[in-house]
Amino acid sequence: MLSGKHILVGISGGIAAYKIPELIRMLIKAGAEVRVTTTRHALEFVTELTLRTLSGAPVYSDVFAAINAHATEHISLPDWADLMIVAPATSNVLGKMAAGIADDALTTTFAAMRKPVVVAPAMNDKMYQHPATQQAMHTLAAYPDMLMMDCVSGDLACGTNGKGRMAEPEQIMEAVRYALTPKTLRGKRIMLTAGPTQEKLDPVRYLSNYSTGKMGYALAREAWYRGAEVTLISGPTHLSIPAVPALTTLPALNIVSVCSASEMYEAAMQHFPASDTAVMCAAVADYAPQQESAVKIKRIEHEIQLPLRANKDIAAALGERKQAHQTVVGFALETDHEEQHALDKLAHKHLDWLVLNSLRDAGAGFGTDTNKVTIFGSKGQKKECPLLSKEAIATCIWDTISL
Ligand code: C5P
């Protein structure tokens, strides 16, 4: 997702600096190349050796140090970087950044940066509330190409509890992905379904399937990175999407949690009229027990019959209701005659696109981190996305259906 990206990490002197080596590790794991610049005080909290070892490059912390290859790192580093992160950003550094003061390695580097910057503030709650800090953060939030994150509430290092904590590294990663993605879906409202449904049998049992929701969640995140307002109707999964606390205005990403197919149907009907695109990624149970027993069904020594009723087909219902400006995308997981079944579904459900995954393809389908799909369009389009991570498949799907 960040492969080949050059990320410049600027660290200032707050206790939250101890979390930045972990952030650097996450950036590198995601494929990015990392360079680090710090204020002098940051190195009281995290060592130069740690930062140099993890990033694999010298740390730029002293404008006049002889170690610098040439004395203009504050220009060459911003030129090299695709994005700069300032985390933690102390009230001191925020004030300097907002006022255009450049008196050390980090702030001179920031002053020369003309590409996206993600700022994650961290400080004591009283410092956070000070009008000077608030003004600096709101000034920065209004700059173009700036994603000014907000502090979060919780325990603070000074022993109190209040608003001043730095956003977690996972949330900063999410902000970085958002800031680096071109906004090709800006202004679009996108509804998705994801995960399995659970159809209750009795107070302790249900019918369900192996869906984990990974593909639907990856599609929802990618749509949000591209600037869309996203409503994700999710069946029960273990997944979550790190929320990005921000002072810069970001599009909404709402998760509506449902359990059964009929709850998913109701939620989809409610949100569809205000949506431009609906992506039906959920593995909706086709059948539900005709009756949910109020008490636990007792074990008996002979076979029992379990009468089932058919659930409503959400994708087909949306396909029937869709207006001219709306697009409906369905998924199909097939085990045989894949292409024929996919094309039949595309037509019968009045879909605009159908994404086919075959259980016969190794690495594709339920629970895996990878997928391989073929996308069919109602106008005869066909696009194959090779075996890739579900994040990369989400990119391939949005690239294809946004055309
Ligand atoms: O017919 P089949 O279940 O294979 O179709 C799969 C597609 O239909 C998926 O997009 C799935 O989310 C959707 N679907 C639905 N409601 C159902 C069953 C399937 O929206 N009850």
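The values are calculated or read from the model by the stated rules, or taken from the named source; none is laboratory data. Every value quoted in this text rests on a predicted model; they were computed, and no experiment measured them. Please note: Cβ atoms are built from the backbone with ideal geometry, for glycine as well, and neighbour counts cover all protein chains shown.
Below is a table of values for the structure above.
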{"read-out": "Members of the range 291-319 that are of a type outside the set (A, V, I, L, M, F, W, C) and farther than 30 Å from residue 273 by Cα", "value": "291, 292, 293, 296, 298, 299, 301, 302, 303, 305, 307"}
{"read-out": "Residues of the range 365-384 that turn out to be basic (Lys, Arg) and surrounded by 15 or more Cβ atoms within 10 Å (Cβ to Cβ), as a count", "value": "2"}
{"read-out": "Answer residue from the range 238-282, given it is part of a strand (DSSP E or B) and not hydrophobic (A, V, I, L, M, F, W, C) and is nearest to residue 330 (Cα to Cα) among those", "value": "277"}
{"read-out": "Those residues of the range 312-327 which are within 9 Å of the ligand (Cβ to nearest atom) and either under 23 Å from residue 394 (Cα atoms) or touching a Ser or Thr at 6+ places or on another chain (Cβ under 8 Å) (or both), in sequence order", "value": "312, 314, 315, 316, 318"}
{"read-out": "Complete set of residues in the range 89-131 that are in contact with a strand residue (DSSP E or B) (Cβ under 7 Å, 6 or more places away or on another chain), among the charged types (D, E, K, R) and under 30 Å from residue 183 (Cα atoms)", "value": "115"}
{"read-out": "Matching residues, the range 121-166, being among the polar types (S, T, N, Q) and either in a helix (DSSP H, G or I) or in contact with a Lys or Arg (Cβ under 7 Å, 6 or more places away or on another chain) (or both)", "value": "129, 133, 134, 135, 139, 153"}
{"read-out": "Wholly within the range 167-211, strands (runs of 3 or more DSSP E) carrying at least 2 residues that are crowded, with 23+ Cβ neighbours inside 10 Å", "value": "189-194"}
{"read-out": "Any hit, the range 269-291, residues being in contact with an Asp or Glu (Cβ under 7 Å, 6 or more places away or on another chain), away from the ligand (no atom under 12 Å from the Cβ) and at pLDDT 95 or above", "value": "yes"}
{"read-out": "3 or more residues surrounded by fewer than 16 Cβ atoms within 10 Å (Cβ to Cβ) and at negative phi: qualifying helices (runs of 4 or more DSSP H) within the range 1-120", "value": "20-29, 48-55, 73-80"}
{"read-out": "Criterion (farther than 28 Å from residue 1 by Cβ, free of Cβ contacts under 8 Å to residues at least 60 places away in the same chain and not aliphatic (A, V, I, L, M)) met by exactly one of 340, 381", "value": "340"}
{"read-out": "Within the range 367-394, considering residues that are hydroxyl-bearing (Ser, Thr, Tyr) and assigned to a strand (DSSP E or B), the one nearest to residue 195 (Cα to Cα)", "value": "370"}
{"read-out": "Residue within the range 337-357 that is away from the ligand (no atom under 13 Å from the Cβ) and either part of a strand (DSSP E or B) or in contact with a strand residue (DSSP E or B) (Cβ under 8 Å, 6 or more places away or on another chain) (or both) present", "value": "yes"}
{"read-out": "Selected residue [over 18 Å from residue 18 (Cα atoms) and within 15 Å of the chain's Cα centre (by Cα)] from 163, 188, 183", "value": "183"}
{"read-out": "Selected residue [within 16 Å of the ligand (Cβ to nearest atom) and on the phi > 0 side of the Ramachandran plot] from 213, 154, 159", "value": "213"}
